[in-house]
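One structure below.
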Amino acid sequence: MARELYIVTVCGLGTGTALFLKIQVSSVVRELGYNARVETSDVSQAKNIQCDIIVTAPDLAKILRSQGAFAKEIVEVTNYLNKQELKEKLKEAIEKVLSS
């Protein structure tokens, strides 16, 4: 099995949406056969976290990129309820991280 990934889910305050995304991301990562530690964060703290992947909304992704976030990949999710969208985007990000 590949190394453990470090994934952070991010929303404005780090509670509601980030927690929902954490549950979704944890499930998708297991379905894809990877091992990951998934944590939540608010947008102001997330930019300072050295992680493999950040999962967040497009508007927050733009903020994080402009602030120079330390994540190797930032996944933008437009529909939090669409597990297929999350799965496709996470798979691509995970493959990039593991191949670098």
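The values are calculated or read from the model by the stated rules, or taken from the named source; none is laboratory data. Nothing here was measured: the structure is a model prediction, and the numbers come from that model. Cβ: placed from backbone, ideal geometry, glycine included. Neighbour counts: every protein chain shown.
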Subset of the range 76-87 (residues that are within 16 Å of residue 30 (Cβ to Cβ) and of a type in the set (D, E, K, R)): 83, 87
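Being among the aliphatic types (A, V, I, L, M) and in contact with a helix residue (DSSP H, G or I) (Cβ under 9 Å, 6 or more places away or on another chain) is the filter here; which residues of the range 33-55 pass it?
If the condition is that a residue be among the aliphatic types (A, V, I, L, M) and in contact with a helix residue (DSSP H, G or I) (Cβ under 9 Å, 6 or more places away or on another chain), then 36, 38, 43, 46, 53, 54, 55 are the ones that fit.
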Close pairs (6 angstrom Cβ cut-off, 6 or more residues apart or separate chains): within 16 Å of residue 42 (Cβ to Cβ) in the range 64-89, of a type in the set (Lys, Arg) anywhere: 64/47; 67/47; 69/47
Of all residues making up the range 1-26, the number that are within 24 Å of residue 59 (Cα to Cα), of a type in the set (Gly, Ala, Ser) and in contact (Cβ under 8 Å) with a residue 12 or more places away in the chain: 4
Count of residues meeting criterion [buried (at least 16 other Cβ atoms within 10 Å of the Cβ) and either at positive phi or at pLDDT below 95 (or both)] in the range 1-11: 1
Search result, residues across the range 13-31 that are surrounded by 14 or more Cβ atoms within 10 Å (Cβ to Cβ) and part of a helix (DSSP H, G or I): 17, 18, 20, 21, 22, 24, 25, 26, 27, 28, 29
Matching option when the condition is of a type in the set (S, T, N, Q), under 15 Å from residue 6 (Cα atoms) and out of contact with any Pro (no Cβ under 7 Å at 6 or more places or on another chain), among 44, 26: 26
Options 34, 6: the member that is within 20 Å of residue 92 (Cα to Cα), part of a strand (DSSP E or B) and among the aromatic types (Phe, Trp, Tyr): 6
